[in-house]
There are 2 protein chains.
Amino acid sequence: TGKKFLRYLFYVSRPIFAGTCCGQRALYEVGLTGIPIFNVNNACASGSSGLFLGKQIIESGNADVILCAGFEKMAAGSLEKLASPIDDRSKREHYAKIAYKNHLHSVHNPKSQFTKEFSLDQVINARKIYDFMGLLECSPTSDGAAAAVIVSERFLEKNPRLKSQAVEIIGLKLGTDMPSVFQEKSNIKMIGFDMIDKISKELYAETKITPNDVQVIELHDCFAPNELITYEAIGLCPVGKGHTIVDKNDNTYGGKWVINPSGGLISKGHPIGATGVAQAVELSNQLRGRCGKRQVPNCKIAMQHNIGIGGAGVVGLYRLGFPQHAQSKL
Amino acid sequence: TGKKFLRYLFYVSRPIFAGTCCGQRALYEVGLTGIPIFNVNNACASGSSGLFLGKQIIESGNADVILCAGFEKMAAGSLEKLASPIDDRSKREHYAKIAYKNHLHSVHNPKSQFTKEFSLDQVINARKIYDFMGLLECSPTSDGAAAAVIVSERFLEKNPRLKSQAVEIIGLKLGTDMPSVFQEKSNIKMIGFDMIDKISKELYAETKITPNDVQVIELHDCFAPNELITYEAIGLCPVGKGHTIVDKNDNTYGGKWVINPSGGLISKGHPIGATGVAQAVELSNQLRGRCGKRQVPNCKIAMQHNIGIGGAGVVGLYRLGFPQHAQSKL
């Protein structure tokens with residue numbers, strides 16, 4: 001079209017006490033001067049909020065390449081006060097098993113903050129952080145960074161060698177809190193159950209894809225109970241039945257889905273501004289078949305769930321854009 | 001098209017020490033729950049960065065109505081350290097005259113933080129804040145808020161009664177710092193001269209509009225010298241000739257342009273997150289002929305200039321979208 005290929009940079013800042021232009025600060029030093037940069041801040045969903053806005057700009061036709069970057073340098077203990085017990089529908093062991101599973105997954109992720117297997121006993125008996133929740137069931141204090149490049153289809157047509165690794169965003173929905181957060185005295189509502197329930201239903205309706213079509217999920221397990229609740233919010237099972245996914249091992253290799261193959265926030269780490277971007281990176285590499293020992297077999301459709309309290313929630317679906325090109329590379 | 005009219009909310013947060021989701025905090029309370037909200041942060045250009053991103057989303061076709069809101073509650077003295085002398089091309093009086101002019105303009109803006117006329121002597125002899133710059137030549141500590149609604153053309157076709165007040169964004173460019181900011185020991189470069197020069201030239205080339213077509217300008221006069229330098233950066237005159245605009249009174253009623261009819265940041269105030277949005281509001285009302293005693297006559301094309309150190313710069317051009325509808329209402 002004769003339009004210049006513009007580059008926009010979304011920098012996703014650390015959510016608390018961030019310098020106003022820390023995105024510019026980070027990117028100028030690698031030579032990325034003179035191009036539009038935005039600092040987007042939506043708490044722990046900042047990373048996926050940046051992906052969401054980048055997608056809008058690509059779809060506007062005003063840019064063909066966007067770098068979406070996030071990073072975080074956290075202070076110790078910054079998440080501690082957010083932990084809270086959830087409900088009594090599930091047993092203590094269900095939460096521990098989720099944390100056990102995520103730590104186990106991370107053994108094969110060399111980029112994980114921890115890569116150590118812990119026994120279920122170790123998880124259950126770890127130092128308590130809040131109520132029943134122990135140290136190994138909570139995302140740790142993390143420093144880290146992640147980056148993803150979003151491009152237009154036009155860009156791929158002009159750079160066909162990139163098609164083999166191109167991942168398509170099938171759909172990406174963002175919501176914020178519903179009135180129930182304020183009206184009901186419910187921790188489950190407080191952490192965004194209703195907004196995630198709403199946008200994931202919208203996502204499935206718009207894309208004609210259901211959780212049954214999905215093989216791999218990166219899910220915002222800031223605390224083990226969040227993962228269990230989210231099984232219900234994203235419709236993997238009926239409300240109140242999240243624990244049945246744990247009982248059937250439908251959240252790990254050999255089960256219906258592999259959830260948090262990266263180790264999740266609990267073991268891979270939760271560098272807040274980076275988390276939503278890092279989820280997209282893990283899912284992209286799973287779809288590309290690049291994940292080595294933690295590769296999810298027959299991985300065709302991937303799902304992302306990222307949430308920030310206060311708040312914003314994002315649910316997305318991904319697949320290879322040109323599977324025929326990917327095949328020919330194998 | 002059967003597409004639902006979505007609403008996106010950009011909240012433009014206060015740039016320093018802002019709570020991560022203060023946009024949600026502000027908007028939930030007026031009932032705006034459950035819809036996408038983003039907190040965008042680009043220092044003093046946060047407001048126009050929000051407008052810029054809102055425009056991208058409208059152009060993506062994914063939304064038809066966007067509320068772009070900004071606010072600020074400042075701590076006293078937060079800008080003081082940013083003041084610095086600029087160059088020696090202009091005389092002391094040129095800066096003072098700019099401040100005198102902006103304070104004079106604000107007399108007719110009931111929404112201005114100050115609405116008082118000061119004499120040139122008062123400006124020159126005011127308490128010094130930094131080097132030669134006195135209190136009346138610096139934007140004050142300000143609390144404030146502003147909001148603008150951005151809609152698609154499709155929305156206007158479905159709501160034709162709104163056409164009479166619809167303002168078209170002819171063009172809106174955003175840039176960040178060029179390497180010269182780091183390579184040259186120049187205060188003029190540091191405050192973004194080169195990025196503003198670059199994007200305004202691009203804007204004029206793309207829109208086929210030049211400063212000669214413009215009648216009214218809201219310009220980021222955080223300090224009086226910034227206004228003078230920006231006359232050159234946005235191409236109102238050759239580089240080094242900013243003071244000639246002052247000498248010819250081409251920056252006020254009766255001259256070639258009216259610059260900062262609102263009173264500008266110096267008198268209207270500079271509530272950081274709100275500033276870029278407030279500029280768009282003033283320009284829209286000027287184009288609509290709603291500005292009473294401060295109305296710029298024959299106002300057809302309006303220009304915005306907003307800058308954040310660290311940094312980002314925005315230059316935009318506006319006009320009535322449907323001048324024939326506006327005429328018929330008079």
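The values are calculated or read from the model by the stated rules, or taken from the named source; none is laboratory data. Computed from a prediction, not measured in an experiment: that's the story for all the values here. Neighbour counts are summed over all protein chains in view; Cβ atoms, including those assigned to glycine, are modelled from backbone coordinates with ideal geometry. Note: accessible area is taken over every heavy atom of the protein model, side chains too, but ligands, DNA and RNA are not part of it. Shrake-Rupley method; radii C 1.70, N 1.55, O 1.52, S 1.80 Å.
Per-structure values
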| read-out | value |
| --- | --- |
| Residues of chain A: accessible area per residue with a 1.4 Å probe, Å² | 40 Å² |
| Built amide H within the under 5 Å cut-off of A:VAL167, gap 5+ | A:GLY321 |
| Kirkwood Rh (inverse of mean 1/r, distinct Cα pairs), region A:128-265, angstrom | 17.3 Å |
| Phi to ³J(HN,Hα) by Karplus 6.51 cos²θ - 1.76 cosθ + 1.60 over region B:116-131, Hz, x for Gly, Pro | 10, 7, 10, 7, 4, 4, 4, 5, 5, 9, 5, 3, 6, 9, 7, 6 |
| Per the axis that maps chain A onto chain B, nearest residue of A (Cβ criterion) and its distance in Å | A:SER60, 2 |
| Proximal lysines relative to A:LYS173, as straight alpha-carbon distance under 23 Å, when same-chain residues fewer than 8 apart are discounted | A:LYS55, A:LYS189, A:LYS198, A:LYS201, A:LYS208, A:LYS300, B:LYS3, B:LYS4, B:LYS55 |
| From phi via Karplus (6.51, -1.76, 1.60), per-residue ³J(HN,Hα) for region B:237-245 in Hz, x at Gly/Pro | 7, x, 4, x, 10, x, 5, 5, 5 |
| Accessible surface of A:HIS103 - all protein chains present, 1.4 Å probe, nearest 10 Å² | 0 Å² |
| Solvent accessible area, Å² - A:LYS241, 1.4 Å probe, full protein context | 100 Å² |
| Solvent-accessible surface (1.4 angstrom probe) belonging to B:MET190, in square angstrom, nearest 10 | 70 Å² |
| Selection from A:ALA75, A:PRO225, A:ALA147, by position along the positive dipole direction of chain A (Cβ) | A:ALA147 |
| 3J(HN,Hα) from dihedral phi, region A:314-322, Karplus parametrisation 6.51/-1.76/1.60, rounded to Hz, x for glycine, proline | 10, 10, x, 10, 10, 8, 5, x, 9 |
| 16 Å reach of a label modelled at B:GLU153, 7 Å along Cα-to-Cβ, counting backbone N of region B:174-211 | B:207 |
| Estimated [θ] at 222 nm from DSSP helical runs (n ≥ 4, -39500 (n - 2.57)) normalised by residues in chain B, nearest 500 | -10000 deg cm²/dmol |
| Inter-copy spacing of B:TYR130 label points, which lie 7 Å from Cα along Cα→Cβ, given in nm from shortest upward | 4.1 |
| Assigned charges on the beta-carbon of Lys, Arg, Asp, Glu; the protein assembly as shown dipole about Cα centre (debye) | 860 debye |
| Top positive-direction residue, dipole computed over chain B with Cβ charges, set B:GLY134, B:GLY47, B:CYS237 | B:GLY47 |
| Copy-to-copy label separations for A:ARG161, where each label sits 7 Å from Cα toward Cβ, in nm and ascending | 6.0 |
| Accessible-area ranking of A:ARG288, B:ARG25, largest first, probe 1.4 Å | B:ARG25, A:ARG288 |
| 0 to 90° range, to nearest 10: angle between helix B:224-233 axis and chain B longest Cα axis | 70 degrees |
| Accessible-area ranking of A:ARG127, A:ARG92, largest first, probe 1.4 Å | A:ARG127, A:ARG92 |
| Spatial separation of Cα centroids for region A:119-145 and region B:270-293, in angstrom | 52 Å |
| Test item: A:53-66 mean partner chain Cβ contacts at 10 Å | 4 |
| Heavy-atom SASA rank of A:ARG154, A:ARG290 (probe 1.4 Å, accessible area, largest first) | A:ARG290, A:ARG154 |
| Distances in nm from A:GLU117 to the matching label points in the other copies, shortest first (labels 7 Å along Cα to Cβ) | 8.4 |
| Antiparallel bridge percentage (DSSP; both residues within chain A; nearest 5) | 60 percent |
| Charge dipole (debye, nearest 20) of chain B; +1 at Cβ of Lys and Arg, -1 at Cβ of Asp and Glu | 920 debye |
| Most fluctuating residue given options B:GLY313, B:GLY192, B:GLY255, as computed from a GNM of chain B linking Cα atoms under 10 Å | B:GLY255 |
